[in-house]
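Peer 1: Please find one structure pasted underneath; my questions will follow.
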Amino acid sequence: MTENKELILALGSNCDQEACMSEAISRLKDMFGDDIVFSERMWTVPVGIASGNFLNCLVFTHTAHNLANITKAMKHIEKLCGNRKRARTNNIVKMDIDILKYGEQVLHENDWTRDYVKQLMKACPF
């Protein structure tokens, strides 16, 4: 059996933020069961796009799935939350799920330098 790997996700939404965040969290709970911890939610000013504020949170869990399957599953959840390519071109992000860490692999290295990621990592009860 494949070893469970630590998985850290960053969630963000700048449109229908509360509803989209709740939808993503519900789907992640269904996917990972009891082995999941969510940080508090934090409002942030957008970086690199002109839009309304983002609602963000971090997710901590473990998975035996490979990175390709996790990536595909996260893209599916984004779509279920209402993400569409056309909306993204207009800076509308219903749900963005970035994989920050998969096992020993650190991904989205620039995201780790963002203040909200640092703050939520420090405050998370795990």
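Peer 1: Find all pairs meeting these conditions: Cβ atoms under 8 angstrom apart; at least six residues apart or on different chains; first residue within the range 18-29 and open to solvent by 60 Å² or more (accessible area, probe 1.4 Å); second residue part of a helix (DSSP H, G or I).
Peer 2: Within 8 Å, the pairs are Glu23/Leu80; Arg27/Ile77; Arg27/Leu80.
Peer 1: Can I ask one more? Could you look through the range 87-107, keep only residues that are under 21 Å from Ala50 (Cα atoms), outside any helix (DSSP H, G or I) and not hydrophobic (A, V, I, L, M, F, W, C), and pick out the one that is modelled with the lowest pLDDT?
Peer 2: Asn90
Peer 1: Would you mention how many residues in the range 61-73 are farther than 18 Å from Ser22 by Cβ and either in contact with a strand residue (DSSP E or B) (Cβ under 8 Å, 6 or more places away or on another chain) or open to solvent by 90 Å² or more (accessible area, probe 1.4 Å) (or both)?
Peer 2: 8
Peer 1: Turning to a different aspect of this structure: Output the residues belonging to the range 74-86 that are hydrophobic (A, V, I, L, M, F, W, C) and either open to solvent by 20 Å² or more (accessible area, probe 1.4 Å) or in a strand (DSSP E or B) (or both).
Peer 2: Result: Leu80, single match.
Peer 1: Hey, another quick one. For the range 84-92, state whether one or more residues are touching a strand residue (DSSP E or B) at 6+ places or on another chain (Cβ under 8 Å) and in contact (Cβ under 8 Å) with a residue 12 or more places away in the chain. Spell out the reasoning first.
Peer 2: Keep residues of the range 84-92 that are touching a strand residue (DSSP E or B) at 6+ places or on another chain (Cβ under 8 Å), which gives none.
The answer is no, given that none of the residues of the range 84-92 is touching a strand residue (DSSP E or B) at 6+ places or on another chain (Cβ under 8 Å) and in contact (Cβ under 8 Å) with a residue 12 or more places away in the chain.
The values are calculated or read from the model by the stated rules, or taken from the named source; none is laboratory data. Keep in mind that this is a model prediction, so the values were computed, not measured. Glycine also receives a Cβ, built like all others from the backbone with ideal geometry; neighbour counts cover every protein chain displayed. Calculation scope for accessible area: heavy atoms of the full protein, side chains included, ligands and nucleic acids excluded. Shrake-Rupley method; radii C 1.70, N 1.55, O 1.52, S 1.80 Å.
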